[in-house]
Amino acid sequence: SSRIVAVAAAAVLSVVALLGLAVLRAPSQAPVSALHAARASVAEAVGLVEDRPEEPLHPSAATLAEATSMKVGDEATQHSLLAALSHRAGVVANNMTAEDAIATLTAYIQLKFWPGHETLKALEARLQVLAPELTGHQVGQVLHVYVNLNTLPGKALLDELTHRAEKVIPTMGFRDVVNTLRGFALMGSAPTQELWVAFEQSAMKAAPTMDGHDVAASLLACADLKHQPSRGLVQALSRRAQQTAADMEADDIAATLSAYAALMLHPGEVLLQALLLRAEQVAPQMDAKEVASTLSAYAKLEDTPQKKSWARPTPTP
């Protein structure tokens, strides 16, 4: 039935994503015959033998061969399999559950594969229909996958997600709230006051066990949306930032420093020095944007803060 085919398409894409990640960790001369066999069996099972995309894929899309460092000679086989599955995903999208649609989009991110505008359009239409029934976790997931696909959903779907987020806020976990806020921020949609209240409450609760990435994401969500966090939340995040600074990655250090500067909140000398020390250690791993944002934030935070414009919420974090 169409429902079975929809589930199969979503499941196969997820499996192919996992296979791609496995190959990435395997020796460069991994056998290709198994992948050829998998392609043939999958095509036969879901009726894809004759299906091909009607239009070429996005020119900047990375093929599975590129993602897994396989030989160029194998690129056509991998590209053909994913193109066939993506075309079929668009055909059966109307029969997908929310889990199917989210799993399909997530697989494209893992595979670094652009599915084509028609397939994305079909999946977006399906998610719009399903939006009124999405859980809090699924709302965060949908926004997260669109952010990672570097594309915007249509206004109709974004409006549905906004309305649904308001209703399911009480059921959202901390990461769901952050994903939702970050999604809205990057899509130019202002979160409601109810969502900010939920964020403050969940972040305060989660702060003592956050890792460095969560701390950075929390501060950056506030900075991106120009939301001034409560004094209590800033203190809780700053205490945790000092505890995790030594393990932060380059992007987390850049984000944390940039967020403090953008929010006009001085982290306190002890935390600032911990962040700057870690910035020196991870500088060799920084990309151009991270270098620029770190230098800019450093210049602002090293400048003597004026009482009228700066706050010092954590003199001794």
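Miscellaneous remarks
- The set of residues in segment 83-101 that are out of contact with any Phe, Trp or Tyr (no Cβ under 8 Å at 6 or more places or on another chain), of a type in the set (S, T, N, Q) and assigned to a helix (DSSP H, G or I) comprises Asn94, Asn95.
- Of Ala203, Ala255, all but one fail to be closer than 19 Å to Leu276 by Cα and open to solvent by less than 20 Å² (accessible area, probe 1.4 Å); the exception is Ala255.
- Qualifying residue in segment 233-251 (condition: over 22 Å from the mean Cα position of the chain (by Cα), in a helix (DSSP H, G or I) and under 29 Å from His163 (Cα atoms)): yes
- Of all residue pairs spaced 6 or more apart or on separate chains, those with beta-carbon atoms under 6 Å, a first member in segment 238-249 that is under 15 Å from Gln285 (Cβ atoms) and a second member that is among the small types (Gly, Ala, Ser) and assigned to a helix (DSSP H, G or I) are Asp247/Gly212; Met248/Gly212.
- Taking the listed residues Asp224, Asp214, the one that is among the acidic types (Asp, Glu), touching a residue at least 12 places away in the same chain (Cβ under 8 Å) and open to solvent by less than 30 Å² (accessible area, probe 1.4 Å) is Asp214, with no other qualifying.
- Of the residues examined, Leu57 is one that is open to solvent by 10 Å² or more (accessible area, probe 1.4 Å), at pLDDT below 90 and within 24 Å of Leu157 (Cα to Cα).
- Candidates Arg231, Arg175, Arg240, filtered to the one that is of a type outside the set (A, V, I, L, M, F, W, C) and closer than 15 Å to Gln141 by Cβ: Arg175
- Any pair with Cβ under 6 angstrom, 6 or more apart, that starts in segment 152-180 at a residue that is at positive phi and ends at one that is surrounded by 22 or more Cβ atoms within 10 Å (Cβ to Cβ): none
- Residue match in segment 215-226 (condition: within 21 Å of the chain's Cα centre (by Cα), assigned to a loop (DSSP other than H, G, I, E, B) and at pLDDT below 95): yes
- Scanning segment 252-276 for residues that are in a helix (DSSP H, G or I) and over 20 Å from Met210 (Cβ atoms) yields a count of 4.
- Residue in segment 115-137 that is open to solvent by less than 30 Å² (accessible area, probe 1.4 Å), among the charged types (D, E, K, R) and touching a residue at least 12 places away in the same chain (Cβ under 8 Å) present: no
The values are calculated or read from the model by the stated rules, or taken from the named source; none is laboratory data. Since this is a predicted model, take the numbers as computed values, not measurements. Note that we place each Cβ from the backbone using ideal geometry, even for glycine, and neighbour counts take in every protein chain shown. For the accessible areas, the whole protein counts, side chains as well, though only heavy atoms, and no ligand, DNA or RNA atoms are used. Shrake-Rupley method; radii C 1.70, N 1.55, O 1.52, S 1.80 Å.
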